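Below is one structure, written out as structure tokens; the observations come after it.
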Ligand SMILES: Nc1ncnc2c1ncn2[C@@H]1O[C@H](COP(=O)(O)OP(=O)(O)OP(=O)(O)O)[C@@H](O)[C@H]1O
Ligand SMILES: [Mg+2]
């Protein structure tokens, strides 16, 4: 499937994402299908480890698109996000021209332009689309968010030495945020919005079995139910899917075929990352293990 083959049917996309290793529920698949079909950016918010970044990776696989990732951080500026000039190369070119008494080459030509993800994303073609992942936008400053407003409206970048460069085909933009701060309404207005929740037990089992095909089915069920029980407790950092995957793998490595009390205690460091959370889980071990073993839950 190509990014240009819109409209995209939701169940179709869901199946293709699954074949690409990503289990999306109907809500997420709908948001992604709308974003692709209407050529709008999509903003995925959710707790750490719920699959925000991987959703963009999976989309790129489904559409055989180039994945360009811009990791945001405080102080991110245009030189790191959009483009920069290779000053060292420019200087060498000037010196070489002087030494050879030749004309100085065009110092603002393609040879000296460093393309960062936003500029690179404007190069999407009909044959090969681009998924532009702007990851953890909540870590960037207000100024960068304001700049993005312009970028997402016009899909163009103005380079003073070169003029304005516009996309012929729009990239599919996926923004993610852990919601460490609220984003501006103006940015949200330009995006489809989807909150990715922690998975249901059934979906987490599916994810565990997809990532770890050799895992004992019973252990996958126990870990998914125990992870859900942990999330319903008052933890400082509830486990994401990444932690469940580590937990299942660790329990498997310890030789467990199901989550017994001994494995539970020995493997807690794979799933909880704060001493107070581990202490809480040890205290609540009996209830968590009872929930894990209760396959009436899924
Ligand atoms: N729906 C899913 N289907 C398959 N794998 C998933 C899914 N959700 C998460 N995962 C897996 O869980 C792990 C964490 O996912 P990811 O890194 O995308 O989370 P995130 O929300 O971006 O986390 P963070 O906020 O820490 O960056 C990855 O290994 C990913 O493959
Ligand atoms: Mg991420």
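Every number here is computed from the coordinates shown, using simple stated rules; none is lab data. Bear in mind that the values here come from a model prediction, so they are computed numbers and not experimental data. Here the Cβ positions follow ideal geometry from the backbone for every residue, glycine too, while neighbour counts run over all protein chains shown.
Go ahead and run the numbers for FRET between residue 100 and residue 143, Cβ-Cβ distance against an R0 of 45 Å, rounding to 0.05. Walk me through the intermediate numbers first.
Working: r = 42 Å, r/R0 = 0.94.
Efficiency, rounded to the nearest 0.05: 0.60.
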Debye intensity ratio I(q)/I(0), log10, the stretch 201-290, q values 0.17, 0.23 Å⁻¹ (C-alpha model)
-0.60, -1.14
Any chance you could give the angle, 0 to 90 degrees and rounded to 10, that helix 26-38 forms with the longest Cα principal axis of the chain?
10
I want to verify the translational diffusion coefficient of the chain in µm²/s; compute it with Stokes-Einstein, Rh as the Kirkwood radius over Cα pairs, at 20 °C and 1.002 mPa s.
99
Can you tell me the FRET efficiency between residue 165 and residue 197 if r is taken as the Cβ-Cβ distance and R0 is 45 Å, rounded to the nearest 0.05?
0.70
Could I have the simple spin-label model distance between residue 188 and residue 261, label points 7 Å from Cα toward Cβ, reported in nm to one decimal?
4.8
Contour minus end-to-end for residue 287 and residue 34, with contour as 0.36 nm per residue of separation and end-to-end as the Cα-Cα distance?
86.9 nm
Quick one: angle between helix 142-154 and the longest Cα principal axis of the chain, in degrees between 0 and 90, rounded to 10, please.
70
What are the extents of the Cα atoms of the stretch 1-137 along their three principal axes, listed from largest to smallest and rounded to whole Å?
65, 34, 23
Can you tell me which of 43-56, 211-224, 190-203 comes out highest on packing, and rank the rest after it, using the mean Cβ neighbours within 10 Å?
43-56, 211-224, 190-203
Can you give me the C-alpha center-to-center distance between the stretch 224-298 and the stretch 8-65, rounded to a whole angstrom?
28
For 132, 289, what ranking results if the residue with the fewest other Cβ atoms within 10 Å of its Cβ goes first?
289, 132
Using Cα atoms only, what is the angle between the long axis of helix 87-99 and the major principal axis of the chain, expressed in degrees (0 to 90) to the nearest 10?
30
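Quote the Stokes-Einstein diffusion coefficient, in whole µm² s⁻¹, for the stretch 141-215, based on the Kirkwood radius over alpha carbon pairs, a temperature of 25 °C and a viscosity of 0.890 mPa s.
Roughly 154 µm²/s, to the nearest whole number.
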Length gained when the stretch residue 237-residue 87 is fully extended (0.36 nm per residue, less Cα-Cα span)
49.6 nm
Kindly state, to the nearest 0.05, the FRET efficiency for residue 216 paired with residue 276, given R0 = 30 Å and r defined as their beta-carbon distance.
0.45
